[in-house]
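What follows draws every value from the coordinates through simple rules; no lab data is involved. Worth saying up front: this structure is predicted, and the values here are computed from it rather than measured. All Cβ positions, even for glycine, are placed from backbone atoms using ideal geometry, and neighbour counts span all protein chains on display.
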Amino acid sequence: MKQLVKRFLLKTCATLCKDVGGKILYYHDVFSTTRYTTMGTPVDLFRLHIAAAKESGFIFIKDVPVNDWELQICFDDGFRGIWDCKELLMSEHISPTVYIAPGLVGGNGYLCWHEIIELQKMGFRFENHTWSHRPLTLVPQSDFKHEIVDSKKCIEDKIGHSVTQLCFPCGFFSRSVLDFCNGVGYKYLLTSVPGSTATAEKHGFRNMVGQYTRLLPRTLVQAYNMNEFRAVLKGALLPFAGRYFRRHFHKDT
């Protein structure tokens, strides 16, 4: 019954919203034989997602989407499945953005720096996911510099390129986090609140925290079946953006 209700809501919302604005879709990993995380997406399902997006008229781009019908594919944490499946990504002409935490790099199931550099040569983009992957709302403000600034510099030193994006671990952020990030060199701050670049402007996403123009929505799609995925592409989660926001935005105490 719960699944039937979910399917009905997604289908109804997709019909009503019809949002074809540029979207950032994210996964945690994609795997064929070895599964490095329970959050991984089977490679066959991932292929179907890519095919469905193309059939729907979306195009894949490497940077943050600014136009309708654009999709950016991201992976959080830097699990090794994307190394195992790199040829698939290249064959689909997808250059994903991967958000890595220096404190996790080289750990069990995670990419090492050598693999990160090789993937970068293939067109992958690497951005920051804080130093330790602790939710920033649980980190003392005295540790913000290490988590947000030192991690940025470490990645830049390793990959030889500027890091311009910060993805909030677990999607959690607060006003103090936003204020700190405002002056430390990030062009974009990535959330786990679903939406598109169009809805961020038209439907008040940024009004939730004031006109904080660096803040962008992202949509987690790793577990969706094909009907659910197609509905999400059309904006089915837009009516629930406020609920996602309340779950992830924490008021400072």
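Quick rundown of the values:
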read-out: Which of R243, R35 has the fewest Cβ neighbours within 10 Å, and the rest in rising order; value: R243, R35
read-out: Cβ charges +1 (Lys, Arg) and -1 (Asp, Glu), total dipole of the range 63-191, debye; value: 340
read-out: 5 angstrom amide H check on E127, placed H, neighbours 5+ away; value: V98, Y99, I100
read-out: Point-charge dipole on Cβ atoms (K/R +1, D/E -1) for the chain, about Cα centre, debye to 20; value: 900
read-out: Bins of 5 Å, starting at 0 and running to the largest distance - Cα pair percent for the range 1-155; value: 2, 8, 15, 18, 18, 14, 12, 8, 4, 0
read-out: Positive-end residue, the chain charge dipole about Cα centroid, Cβ charges, pick of M39, G109, I94; value: M39
read-out: Links that overshoot a 32 Å alpha carbon limit, given the list K23/K153; K153/K251; K54/K145; K62/K234; value: K54/K145
